[in-house]
Amino acid sequence: MTEKFPEIRNLALFHDISTQSFETLTRAAYVQTYPPSTELITEGDAPDFLYVVQAGAVELFANWAHRETSMWTVWPQSTFILAATVKNRPYLMSGRTLCKSRVVLLPSADVRNVFETDGAFAKAIVTELANGYRGAIKNSKNLKLRSSLERLANYLLTCYRQCDKAPRFLLEAQKSRLASNLGMTPENLSRALNGLKKYGVAVDGQSVELTDIKALTDFAQPSLLIDDDTPFF
């Protein structure tokens with residue numbers, strides 16, 4: 001019998017589990033396509049599903065005292081809210097689509113059942129949660145140890161590396177959301193972009209050009225212990 005959802009079968013989280021376990025995970029799963037700005041999960045609610053983003057993008061965000069901050073963006077092919085699903089604890093973040101998105105919803109109860117019975121799945125979950133933990137530590141270090149100008153400089157260098165070292169690229173995030181991700185206000189982001197001009201950063205709308213990579217790198221001092229694992233120069 002052909003397995004359901006072959007498009008997610010090869011994800012690291014599901015790749016090594018047994019056919020029976022995968023069938024258990026997907027027996028009540030379904031695919032849903034959502035329009036932009038649709039809230040998929042709400043902070044504080046019970047984790048009914050584990051989500052796998054197949055197409056589009058989902059922003060995870062949090063609120064407190066009438067203030068909102070963007071936490072990060074989930075791109076295909078990635079899961080989100082894995083820790084809440086495994087622990088059966090309330091969501092710590094809300095999530096909404098940034099554009100038209102296709103998402104697979106796996107019932108959380110089935111995820112926990114397979115976690116208890118399939119060693120390969122349990123190992124894959126531990127690995128994914130460990131990667132998430134390391135990412136959270138890096139993000140915390142970035143916010144606590146660097147100035148806003150240094151955070152922005154390192155973000156732009158990460159974009160540069162991820163774009164195969166093309167000196168000109170487009171910002172994927174809107175500036176207001178980028179500012180929130182970097183722990184800044186939109187006004188501070190505008191000032192920071194102006195502050196990086198002397199290091200060869202030119203910005204026109206969403207377009208960025210880096211004209212002096214050495215100067216920007218010397219200022220930013222990127223570190224594999226903080227930044228994305230994309231190889232440095």
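Throughout, read-outs are computed from the coordinates displayed, never taken from laboratory work. It should be emphasised that the depicted structure is a prediction, and the values quoted were computed from it without experimental measurement. Here the Cβ is made from the backbone with ideal geometry for all residues, glycine too, and neighbour counts use every protein chain on show.
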**Asked** How many of the residues making up the range 1-38 are surrounded by 12 or more Cβ atoms within 10 Å (Cβ to Cβ) and under 21 Å from Ser94 (Cβ atoms)?
**Response** 5
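Please enumerate the residues belonging to the range 153-189 that are outside any helix (DSSP H, G or I) and among the hydroxyl-bearing types (Ser, Thr, Tyr).
First pass over the range 153-189, keeping only residues outside any helix (DSSP H, G or I): 163-174, 182-185.
Answer for the range 153-189, where residues must be outside any helix (DSSP H, G or I) and among the hydroxyl-bearing types (Ser, Thr, Tyr): just Thr185.
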**Message:** Out of everything in the range 100-134 that is without any contact (Cβ under 8 Å) to a residue 12 or more places away in the chain and of a type in the set (Gly, Ala, Ser), what residue ends up being nearest to Asp218 (Cα to Cα)?
**Reply:** Ala130
**Message:** Which numbered condition in (1) more than 18 Å from the chain's Cα centre (by Cα); (2) within 30 Å of Ala84 (Cα to Cα); (3) free of Cβ contacts under 8 Å to residues at least 24 places away in the same chain is the only one that Ile137 fails?
**Reply:** (1)
